[in-house]
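The values are calculated or read from the model by the stated rules, or taken from the named source; none is laboratory data. Note that the coordinates shown come from a computational prediction; the quantities given were computed from them, not determined experimentally. We place every Cβ from the backbone using ideal geometry, glycine too, and count neighbours over all the protein chains shown. These area figures cover heavy atoms from the full protein model, side chains too; ligands, DNA and RNA do not enter into them. Shrake-Rupley method; radii C 1.70, N 1.55, O 1.52, S 1.80 Å.
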Amino acid sequence: MPVPIRRLVVALTLCCALVAGATACGGEQASSTRTSTKNSAQDSGEVRAEPAAVTPSPTTSAEKRKFAKTRFVVDAGLAAGATYQWIVKPWKAGKFKKGAKGRKTTLIKAGLAGAFAYNRLKAAQKNAQADPTLSKALAPLTAAIASLKDLPSKLRNGDGNAASLFEGVIGDVKDAGKSADAPVKDQVPSTSQLTKG
């Protein structure tokens, strides 16, 4: 009884897909098999090619500086976005004042945003150290960034001065980035990013 060609094509396609899938998924098992058979291959004189691990990393100082600037821009942008969205905007709208509707929730979000912004600014500062121009531009702001450490708790208590300090430091960081050819744009983090810090 002859088998229709369509069934043969489908069967052949499924077999190829299964073989390809097993090959792709078997990387971890294949590496352990490769190590166990490596010694026996050496004994028999057989030569095997081992794939090189590919991990992108900057090799030249120019690449390191480029990555540092990019990371600085991302971290500072997230800090600026969080500060504007959950600290400056509600503060200017008067939502930190006693009796304001949703004040408690606003203050909790502001505290979280303050901790997040401080964390991202410290990361931005660390990244800036790999680029001489950026490091020099950000050096005068070291004390100002460090002073933000205790402000999230003040924000949770409704301190408007803490909000204005955050706004000022973020503005200074943006100016420093711009002067070092690393302009920072606000990037509002998601709520999950905010809670993870």
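Students often check this: by mean Cβ neighbours within 10 Å, which of 146-153, 123-130 ranks highest, and how do the rest follow?
Numbers: 146-153: 16.4, 123-130: 20.1.
Per-residue Cβ counts within 10 Å, averaged per peptide and sorted highest first, yield 123-130, 146-153.
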Nearest-20 debye value, the range 131-170 charge dipole, Cβ charges on Lys, Arg, Asp, Glu: 80 debye
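Rank these by accessible area, largest first, 1.4 Å probe: R71, R156. Write out the running numbers ahead of the final one.
On the way: R71 135, R156 115 Å².
Result, largest first: R71, R156.
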With all protein chains modelled, accessible area of W91 [1.4 Å, Å²]: 80 Å²
Cross-link reach list, lysines versus K109, counting only Cα pairs under 17 Å and skipping chain neighbours closer than eight places: K89, K92, K95, K97, K98, K101, K149, K154, K196
Extension reserve of the N161-T195 stretch, reckoned as 0.36 nm per residue once the Cα distance is removed: 9.9 nm
